[in-house]
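Worksheet: the structure to be examined is printed underneath.
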Amino acid sequence: MYKLEAVDTVIFREANSFDAGVHFHSSSKFPPYPATYAGLFKEGTSLKDRDIKIGFNGVMLDDEYAFPQPLDTVITQQNTLQKMKLVKSGESSHELPYTLSSISNENKKTHISEGAYLKANDFNRYLLGDETYPFTVLGDYITRELHTGIKMDYEKHTTVEGMWYTEESIRLKSKTHTCALVAQVEGVNLQENSIKKIGANTRLVKINKAKELNIVKPKASRYFKLYFATPAIFKHGWLPRWINPDTKEGTFRHKRRKVRVKLIAAAIGKAVPIGGYSKNGPREMHLAIPAGSVYYFELLEGEVQNIEKIFHQKCISDFRHKLGFDYEWWDRLIYCDRGFGYTFVGEVKEEELR
């Protein structure tokens, strides 16, 4: 695991166009999408794309791992996160057997600057099924800065009328807190205090080894949920390729392990566009489920211990660079190697579904 600390500000542009005079404002996405890291660690080496594997990626707040708010929770008036309840869909037109319902007197419209995050200890409590937990506000750890510029005519030594632009950058610290990016990378071995370029305008980051990520392993059960720590690009929009869109059942296998499951509930945020640019030009645009999305499953066939082996701390996004969505499943391609769809298995007690 590597820890990336910004030397100055950083810029991670979103999928929208940006040019002076027309699309003149550029906002920054934070944390950056997982695709950011492969190019960063490959730059300046002779490594090929398949030589580098990206796993977990996210943020550290005051040197502690932090995770986006699970979308099956709501923010309470006491400034905590409250897990929502599973409720049978009944005769409604809902596609899944269960929906998620929040406590009626909670304020659903609470605005949290840059979003709510769970630090590692509280995230472990969430995975173990606790009901409430304190959260951290990401906006307390970063500062957004706006810079204005204008196109120059270098021959005339004048500015060009109507060609101004604004660009948003992010400073990864505040007056009282620090923030750093983290990425689990296989295939490279960097020296301590290495300097690399990242994001738009090739801003600099200092890279060192990070402490180990210690997340609890869930207890085996017939019911479980998958929490997505990073966005995931699925073939069927919000459904992965291995889930039948009609029955909501599917089989996931890796080597000799196999489970057949049924999707029974889901908490999914607004789709996020994943695109960007590379040295070869614009990348193909895809819609992804956002980080923090949660899927609830029932095990239909297979051993319960295989759930943790197959899904826990694995990348299960469908899209593969240069292969798209339609490829044969063999060992190297079962899991995404670009950090999309990094999942954790959480416990679901049977009494929650009664």
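Among strands (runs of 3 or more DSSP E) lying entirely in the range 141-186, which contain 3 or more residues that are farther than 18 Å from residue 66 by Cα and without any contact (Cβ under 8 Å) to a residue 40 or more places away in the chain?
Qualifying strands (runs of 3 or more DSSP E): 143-153, 158-171.
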Inset, instruction - Please specify each residue of the range 154-166 satisfying the condition of being acidic (Asp, Glu) and either in contact with an Asp or Glu (Cβ under 7 Å, 6 or more places away or on another chain) or modelled with pLDDT under 80 (or both). - result: 161
Inset, instruction - Check the range 98-108 and report whether any residue there is modelled with pLDDT of 85 or more, touching a Ser or Thr at 6+ places or on another chain (Cβ under 7 Å) and buried (at least 17 other Cβ atoms within 10 Å of the Cβ). - result: yes
Inset, instruction - Filter the range 222-238 for residues that are within 21 Å of residue 56 (Cα to Cα) and in a strand (DSSP E or B) and give the result. - result: 224, 225, 226, 227, 228, 232, 234
Inset, instruction - Considering only the range 208-222, state which residues are over 28 Å from residue 32 (Cβ atoms) and buried (at least 18 other Cβ atoms within 10 Å of the Cβ). - result: 218
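Do we find that residue 211 is in contact (Cβ under 8 Å) with a residue 40 or more places away in the chain and closer than 28 Å to residue 286 by Cβ in this structure?
When the stated conditions are applied, residue 211 does not pass them.
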Inset, instruction - Please find, among 303, 328, the residue that is in a loop (DSSP other than H, G, I, E, B), more than 19 Å from the chain's Cα centre (by Cα) and closer than 22 Å to residue 247 by Cα. - result: 303
Legend entry - Residue, nearest to the chain's Cα centre (by Cα), within the range 23-72, restricted to residues that are among the β-branched types (Val, Ile, Thr) and open to solvent by less than 10 Å² (accessible area, probe 1.4 Å): 59
Legend entry - Hits in the range 279-297 (condition: more than 17 Å from the chain's Cα centre (by Cα), open to solvent by less than 50 Å² (accessible area, probe 1.4 Å) and modelled with pLDDT under 95): 281
Inset, instruction - Considering every residue within the range 112-119, establish whether at least one is under 30 Å from residue 83 (Cα atoms), loosely packed, with under 14 Cβ neighbours inside 10 Å and either touching a helix residue (DSSP H, G or I) at 6+ places or on another chain (Cβ under 8 Å) or modelled with pLDDT under 85 (or both). - result: yes
Legend entry - Pick from the range 174-207, criterion buried (at least 19 other Cβ atoms within 10 Å of the Cβ) and β-branched (Val, Ile, Thr), ranking: nearest to residue 13 (Cα to Cα): 198
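Here is a yes/no grid of residues against (1) touching a helix residue (DSSP H, G or I) at 6+ places or on another chain (Cβ under 9 Å); (2) within 24 Å of residue 351 (Cα to Cα); (3) surrounded by fewer than 22 Cβ atoms within 10 Å (Cβ to Cβ):
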site	(1), (2), (3)
227	yes, yes, no
238	no, no, yes
249	no, yes, yes
254	yes, no, yes
262	no, yes, yes
Inset, instruction - Under 6 Å between Cβ atoms, at least 6 apart or on separate chains: pull out the pairs that start in the range 62-89 with a residue that is within 17 Å of residue 121 (Cα to Cα) and end on any residue that is open to solvent by 60 Å² or more (accessible area, probe 1.4 Å) and in a loop (DSSP other than H, G, I, E, B). - result: 83/131
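The values are calculated or read from the model by the stated rules, or taken from the named source; none is laboratory data. What you see is a predicted model; the values in this text were computed from it and never measured. Virtual Cβ from ideal backbone geometry, glycine too; neighbours counted across all protein chains shown. The area values use the complete protein model at the heavy-atom level, side chains included, leaving out ligands, DNA and RNA. Shrake-Rupley method; radii C 1.70, N 1.55, O 1.52, S 1.80 Å.
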